[in-house]
1. Set the Förster distance to 56 Å, then compute FRET efficiency between residue 385 and residue 258 from the Cβ-Cβ distance, nearest 0.05.
2. Once both labels are modelled 7 Å past Cα along the beta-carbon direction, what's the residue 302-residue 54 spacing in nm?
3. What's the magnitude of the charge dipole for the range 280-397 around its Cα centre, counting Lys and Arg as +1 and Asp and Glu as -1 at the beta-carbon? Answer in Debye, nearest 20.
4. Quick one: of the DSSP bridges fully inside the chain, what percent are antiparallel, nearest 5?
5. Mind checking the dipole of the chain: about its Cα centre, +1 per Lys or Arg Cβ, -1 per Asp or Glu Cβ, Debye to the nearest 20?
6. Rounded to the nearest 5, what % of DSSP beta bridges with both residues in the range 280-397 are antiparallel?
7. To the nearest 0.05, how large is the calculated FRET efficiency for residue 394 and residue 347 if R₀ is 25 Å and r is the Cβ-Cβ distance?
8. Please compute the length gained on full extension between residue 442 and residue 187, using 0.36 nm multiplied by the number of residues separating them and subtracting their Cα-Cα distance.
Amino acid sequence: MQQSTGRLAALWVPLMVTAIVASWPMAAQELPPTPVVLISIDGMKPDYVLEADKHGLRIPNLRRLLTEGTYASGVAGVLPTVTYPSHTTMVTGVSPTTHGILSNTPFDPFRRNLEGWNWYAEDIKVSTLWDVVSRAGMVTSSVNWPVTVGANITYNIVQYWRSSTPDDQKIIRALSTPGLLREAEQAVGPYPDGSDESVEGDRRRARFNVFLLEKKKPRFHTCYFTGLDTEQHGNGPYSARAFAALEEIDTLVGQVRTAAEKLGGGKAIVCVVSDHGFIRTEKELHLNAAFRDAGLIQVDDKGKVKSWRTYAWATGGSAAILLKDVVDEDARRKTREVLKRLADDSSSGLGQTFEGANAVALRGFPEAAFIVGAKDGYRLDGGLEGPITVPGSAGGSHGYLPDNRAMDASFFLVGPAVPEHHNLGRIDMRDIAPTLTGLLGIDLPSAVGRNLIS
């Protein structure tokens, strides 16, 4: 009897251990890695979330980030405070003068680029988040993030458009990871046009973000929503249309977060950001019209630039003023006189002017002879026709100098190892990339920002 009991015990103990181990949720070594997801909502002002009650906004998913994670009261942006330079700073941790994406569009006085944008990742001069994550042997993915054509992303659906015709879809399929867009479309439906920056376009792209998270299982994923920016350009910040757009996008943020947490076995690091704020504008200042009047720009009989000595590269609320020949002191003097005359005219809309070392210190437009900012309510335009200051369509704009607090962007971060309900105050946009690489356990040596969580 004792021998029989001993034999039963010898069998029973291993069975019990096996049963106990099997009952554990998951062995530690089998826990899925925590994904990191970076979601950008173009043009989202921080107070839209921080003061949601004041604005009557129903944004439960964004408001969760306040109580469950760490956030900034504002993010000091880069010059210019526009989409492509800002998004590149967020994935590199450096300023535009260093990463090389100086504006949404290339400098192009003769319009030879046919309204093309800075779509190509090869123009980024430093390592990106995707680069260092990939070098660490981890999978990356992205949907519609700016400046990603040719980027080092494992599963990449690029941002690109050209003609707003069906051919654009063919180009997006060709420029994205081979076969990826067709595979995703078979699962979730047609991908929107590249130029579709509406909330409906965001809804459709959200399905592609969820698809990549569920099926490709990236460790790092980037997601970009555009509908709020579109509504604010057309109707201004704080408008009913803008708030309705953000409420729709809030639902999409929830969908992406849910997919990320499912991928991570219930855990995910989710960072929600924006690229700039917004100002309501009603007037336009045509700087190149002023330079044309001063004889610094010559046009042909069709009104196109024939030659130039000074030209304004306008970016909404600011502009870089370039000289064709940097040693042309006569052009420099005449340009300075034009800018002073405009600044002295309180109705022109021209605000601050920077030259020399003061311009270089702004860390944007390294070849600019002058950098200028517009006053609130005005936007700068590269138009060649007069009058110089004209009424513009009412709406909103950005691109102003980054010390304008209305241009502050947003930052919200939630997930394991992230302090709850923690206000960082105002941070620098260059801090975002090193913070995320820190949470991934890797380094981004070229970044000059700081890790906000370490």
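1. Efficiency at R0 = 56 Å is approximately 0.65.
2. The modelled label-to-label distance comes out at 5.1 nm.
3. Values: 17 positive and 17 negative charges, 24 e Å.
About 120 debye.
4. On the way: 30 of 58 bridges.
Among the beta bridges of the chain, antiparallel pairing accounts for roughly 50 percent.
5. Values: 47 positive and 51 negative charges, 174 e Å.
Using Cβ point charges on Lys, Arg, Asp and Glu, the chain gives about 840 debye.
6. Numbers: 22 of 26 bridges.
Here the antiparallel bridges make up roughly 85 percent for the range 280-397.
7. Details: r = 18 Å, r/R0 = 0.71.
Taking R0 as 25 Å, the efficiency between residue 394 and residue 347 is 0.90.
8. On the way: separation 255, 0.36 × 255 = 91.80 nm, distance 3.34 nm.
Gain on stretching residue 442 to residue 187: 88.5 nm.
Only the coordinates and a few stated rules stand behind these numbers; no lab work does. Computed from a predicted structure; not experimentally measured. Because the Cβ atoms are built from the backbone with ideal geometry, glycine has one as well, and the counts that use them run over all protein chains shown.
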